[in-house]
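Just below is one structure, and these are the notes that go with it.
Taken together, the values in this text are just the output of simple stated rules run on the coordinates, not laboratory data. Given the structure is predicted, the values throughout are model-derived calculations rather than measurements. Heads up, the Cβs are rebuilt from the backbone with ideal geometry, glycines too, and the neighbour counts pull from every protein chain shown.
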Amino acid sequence: MSVTDLDPYQDIRPYHDDEVPGVLAGLLKNAEFVSALGQFRFPRLSRFAPSLVNQLVRFALGRQLAGVRTVAGMQDVIAAYMGKMIERTTHRVTFSGLEGLDANKAYLFISNHRDIAMDPAFVNWGLYHHGMQTVRIAIGDNLLKKPYVSDLMRLNKSFIVKRSVKGREKLKALMELSGYISHSIDSGHSIWIAQREGRAKDGNDFTDPAIIKMFYMGKKKSTPDFAEAVRELNIVPVSIAYQYDPCDALKARELQALASEGAYEKGQYEDIESIAQGITGFKGDVHVAFGQPMSGDYETPEALAEAIDREIIGNYHLHASNRVAADEAEAVDDADRKAFEERLQRVSAECRPWLKAMYANPALNKQKLA
């Protein structure tokens with residue numbers, strides 16, 4: 001029996017406990033990773049004394065990770081960083097719906113998608129402090145252009161979605177992904193995945209039925225009935241709402257370019273830069289709303305996608321920024337209006353309608369449900 005037979009998801013799954021020490025040791029020896037971390041943490045000093053900064057980073061990181069031997073230990077380290085990030089970049093973070101979840105069950109959390117790293121991080125923060133296990137996170141291979149980035153993500157319970165494959169390999173990759181998600185739920189491990197590929201840069205949160213079809217691929221042999229397969233997956237819609245999106249100006253620029261020029265060329269490491277900006281940028285208030293498991297008799301992926309949309313949009317917490325952008329004058333005060341206007345003024349005139357729309361659309365979509 002081959003290693004692949006024993007571990008069929010080896011090339012996409014998160015790292016196991018017995019792999020953690022070796023991967024961490026490799027990261028500490030990775031000059032590119034240490035240098036990138038030094039430049040991020042000490043941008044000025046890195047320009048003048050890069051060797052000194054790299055030594056300091058390697059020493060500090062080595063001390064911090066010295067006792068980490070398991071995935072759970074890594075989650076504790078990440079939780080400490082998360083707490084500091086929340087303190088520095090938010091007013092507050094609130095949750096709803098967690099009381100309706102069973103700590104002894106595994107769920108397939110499907111959320112709207114605003115931020116590459118922070119969406120699953122905030123979901124995990126809520127689960128972690130509610131005494132529930134954290135999720136395995138779906139992440140596209142387009143974000144893993146550096147080996148050390150892949151290592152970091154897989155240490156943080158991420159599994160790889162092979163978006164770059166074509167032809168027959170694409171179907172094979174979808175079968176592998178679907179099988180892994182089903183296997184995870186069946187073995188008691190919750191999953192987080194976005195409701196569609198890529199962030200909803202325009203603020204319109206709609207589920208791609210192709211995502212639902214992919215889930216069913218891994219279940220239909222054992223559970224041919226679609227409605228029953230859906231119930232076995234324990235799908236929970238999640239609505240993540242940021243008062244301010246740290247990447248809103250970048251998104252508005254991209255949307256404007258697509259509208260005016262028909263194309264937008266991303267920089268080689270633009271997604272990585274977005275991850276960093278999303279982590280360090282100011283977010284104001286953040287609310288994460290967990291819905292109830294989808295238990296209806298849905299006959300098609302399209303019907304389930306529409307039901308998920310109703311939950312995500314209906315549970316979305318509207319901040320003052322959304323209400324100002326949607327011109328809900330009676331729901332905001334002058335200070336809220338002024339704060340949003342100042343944010344609009346930070347981008348070029350041609351980008352302002354796009355920035356305003358990305359904040360307005362959650363409120364407008366919610367109105368359509370009423």
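Key figures for this structure:
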read-out: Spin-label pair Arg346/Glu197, simplified geometry with 7 Å Cα→Cβ offset, distance in nm; value: 3.1
read-out: Set Lys213/Lys368; Lys251/Lys366; Lys84/Lys366; Lys146/Lys170; Lys157/Lys266; Lys105/Lys283 screened for pairs whose C-alpha atoms are more than 29 Å apart; value: Lys84/Lys366; Lys105/Lys283
read-out: Relative contact order (%) - segment 70-369, alpha-carbon pairs under 8 angstrom, separation at least six; value: 25
read-out: In Å, descending, principal axis extents of the Cα set of segment 232-292; value: 43, 30, 21
read-out: Full-extension gain in nm, Asn142 to Met175, via 0.36 nm per residue minus C-alpha separation; value: 10.0 nm
read-out: FRET efficiency, Ala259 to Arg168 (Cβ-Cβ, R0 51 Å, nearest 0.05); value: 0.90
read-out: Translational diffusion of segment 274-370, µm² s⁻¹ [Kirkwood Rh, Cα pairs; Stokes-Einstein; 20 °C; 1.002 mPa s]; value: 138
read-out: Order of His130, His113 under a 10 Å beta carbon neighbour criterion, fewest first; value: His130, His113
read-out: FRET efficiency for Asp297 and Ala370, using Cβ-Cβ distance with R0 set to 35 Å, rounded to 0.05; value: 0.85
read-out: Cβ-based exposure ranking for Tyr128, Tyr269, Tyr180, in which fewest neighbours within 10 Å come first; value: Tyr269, Tyr128, Tyr180
read-out: Local electrostatic count at Arg323 - Lys and Arg +1, Asp and Glu -1, tallied over other residues with Cβ under 15 Å; value: -3
read-out: Whole-Å semi-axes of the chain's equivalent ellipsoid (Cα gyration tensor); value: 31, 30, 20
read-out: DSSP-defined antiparallel bridges as percent of all bridges, segment 70-369, nearest 5; value: 20
read-out: Gain in span if fully extended, Tyr269 to Gln55, counting 0.36 nm per residue against the direct Cα distance; value: 74.5 nm
read-out: Base-10 log of normalised Debye intensity for segment 1-69 (one unit scatterer per alpha-carbon) at q = 0.18 Å⁻¹; value: -0.74
read-out: Most mobile of Ala360, Ala25, Ala72 in a GNM of the chain (Cα contacts under 10 Å); value: Ala25
read-out: Efficiency of FRET between Ala276 and Ser96 - r from beta-carbon atoms, R0 30 angstrom, step 0.05; value: 0.55
read-out: Full-extension gain in nm, His183 to Asp208, via 0.36 nm per residue minus C-alpha separation; value: 6.8 nm
read-out: Of Gly83, Gly262, Gly203, the one that fluctuates the most in a GNM where the chain has Cα springs shorter than 10 Å; value: Gly262
read-out: Residue order, fewest to most beta carbons within 10 Å, for Arg253, Arg310; value: Arg310, Arg253
read-out: Spacing of the two label points (7 Å from each Cα toward its C-beta) at Arg337 and Asp225, in nm; value: 5.6
